Amino acid sequence: MEIIGFILIGLIAGWLAGMILKGGGYGIVGDVIVGILGGIVGGYLMRAVGASPWATPLGNIVVATLGAVLLIVVLRVLKRV
């Protein structure tokens, strides 16, 4: 059942990141992948600065969205190089 939660949070976070960065998203599968990877990146960064990721679904979405935004920005910079 947790995998469904990961997918839903990843979808929401990936979609939000696409909207924040005016990219229009990457399709359902792409948004899920970007959101899940963003959750990993965001969770790692939160722990690295000494903050613990929030234990609520909304907190997880926020952390995953921030991580996904960072991931997309890095990918866009690398794509230009």
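A few remarks follow.
- Whenever a residue of the stretch 35-54 is crowded, with 16+ Cβ neighbours inside 10 Å, its partners that are in a loop (DSSP other than H, G, I, E, B), lying with C-beta atoms within less than 6 angstrom and at least six residues away or across chains, give the pairs G43/P53; M46/P53.
- Options G59, G35, G50: the member that is out of contact with any helix residue (DSSP H, G or I) (no Cβ under 6 Å at 6 or more places or on another chain), within 16 Å of L8 (Cα to Cα) and not hydroxyl-bearing (S, T, Y): G59
- Residues of the stretch 32-59 that turn out to be in a helix (DSSP H, G or I) and modelled with pLDDT under 80, as a count: 0
- Summed over the stretch 14-25, residues that are touching a helix residue (DSSP H, G or I) at 6+ places or on another chain (Cβ under 9 Å) and either farther than 14 Å from V73 by Cα or without any contact (Cβ under 8 Å) to a residue 12 or more places away in the chain (or both) total 3.
- Any hit, the stretch 18-31, residues being within 8 Å of the chain's Cα centre (by Cα) and in a helix (DSSP H, G or I): no
- Long-range neighbours under 7 Å by Cβ, at least six apart or interchain, first residue on the phi > 0 side of the Ramachandran plot within the stretch 1-13, second part of a loop (DSSP other than H, G, I, E, B): none
The values are calculated or read from the model by the stated rules, or taken from the named source; none is laboratory data. Keep in mind it's a predicted model, so treat the numbers as computed, not measured. Positions of Cβ are generated from backbone atoms using ideal geometry, with glycine treated the same way; all protein chains shown enter the neighbour counts.
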